[in-house]
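Below is one structure, written out as structure tokens; comments come after it.
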Amino acid sequence: MKIRTVEFVKSVADAAEAPKAPYPVVAFAGRSNVGKSSLINALLQRKRTAYISRTPGKTRLINFFSVNEALYFADLPGYGFARVSQTMREEWQRLIESFLLHNHNIRLVIVILDVRRGITELDKQLLDWLEAHAIQSLLVITKCDKVSKNESAALQRRIMQERVLSFEPILFSAVKLTGISEVWSAISHECFMSK
Ligand code: GDP
């Protein structure tokens with residue numbers, strides 16, 4: 001994918017405030033610290049884009065980027081911080097669910113996994129919820145440079161045995177910059193190919 005323009009659009013605390021241009025939307029989800037910003041920056045070939053949204057106070061908001069004035073990336077708040085209260089967790093869930101259910105331009109939710117942790121309970125809950133609502137998902141296994149090729153391939157195989165998926169989980173590394181074209185190809189397939 002040739003990236004011509006990337007623009008930070010806004011951060012929202014309410015799904016109703018999401019930007020209104022009729023672009024397809026790709027959302028990014030994962031546990032806090034999983035490597036979500038690094039994945040977004042690598043896809044956009046920018047060093048800092050997604051970190052803009054990590055200034056204090058903005059980590060619990062949905063951050064929107066417009067790509068080539070043709071596509072939105074929605075950076076969802078990271079989930080699963082052990083220390084947050086139940087109320088806060090429910091607030092996040094409400095925000096994410098209302099956004100995903102009411103935004104009709106959502107084409108793909110990229111669920112990011114750390115290669116050393118595999119699929120956690122919260123990841124499974126999200127994947128089941130997406131499936132129940134017929135929202136397309138793509139698993140990206142990140143930080144693959146931290147383990148051997150055999151280990152990352154074994155995790156990929158295990159996940160494929162456990163779940164019925166539309167896409168093979170993608171092995172990614174923001175350090176080695178591997179897996180970028182595979183992720184873009186799934187995005188293009190869901191956003192720009194007529195069905
Ligand atoms: P976020 O909180 O999910 O947005 O995660 P970040 O993108 O900020 O990454 C969290 C930490 O993991 C940072 O220290 C990153 O440098 C590191 N990290 C992210 N992706 C990779 C990767 O592919 N390989 C390695 N080795 N480290 C990574």
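When 1/r is averaged over all different Cα pairs and the result inverted, which Kirkwood radius in Å belongs to the chain?
Details: mean 1/r = 0.0593 Å⁻¹.
It is 16.9 Å.
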statement: Straight-line reach check, LYS20, cutoff 26 Å on alpha carbons, 8 or more apart in-chain or any other chain, hits among lysines -> LYS2, LYS10, LYS36, LYS58, LYS195
Ascending count of other beta-carbon atoms within 10 Å, so fewest first, for THR87, THR120: THR87, THR120
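Just to be sure I understand: of the beta bridges DSSP finds with both ends in the chain, what percent are antiparallel, rounded to 5? It would help to have the intermediate numbers written out before the result.
On the way: 12 of 31 bridges.
Percent antiparallel among DSSP bridges in the chain is about 40.
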statement: Rounded to whole Å, √(5λ) for the Cα gyration tensor eigenvalues of region 1-44, largest first, gives 19, 17, 9
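Report the extension gain between LEU101 and LYS149 in nm, rounded to one decimal, defined as 0.36 nm multiplied by the number of residues separating them, less their alpha carbon distance. If you can, show how the numbers build up before the last one.
Details: separation 48, 0.36 × 48 = 17.28 nm, distance 3.68 nm.
Computed gain between LEU101 and LYS149 is 13.6 nm.
For n ≥ 4 DSSP H runs only, could you compute -39500 (n - 2.57) per run for the chain, divide by its residues and tell me the 222 nm figure to the nearest 500? Don't skip to the answer; put the middle values down first.
Numbers: 5 runs with 65 residues, N = 195.
That comes out to -10500 deg cm²/dmol.
Which of the helices in the chain, when you take each full DSSP H run, stretch at least 15 Å along the axis at their Cα atoms and have an average Kyte-Doolittle score of 0.0 or higher?
Details: long enough: 86-102 (24 Å, -0.68); 121-132 (16 Å, -0.44); 149-162 (20 Å, -1.24); 180-192 (17 Å, 0.52).
Helix filter hits for the chain: 180-192.
Read-outs throughout are calculated quantities, based only on the coordinates presented, and are distinct from any laboratory measurement. Keep in mind the model is a prediction, meaning the values are calculated, not measured. Cβ atoms come from the backbone with ideal geometry, glycine included; neighbour counts cover every protein chain shown.
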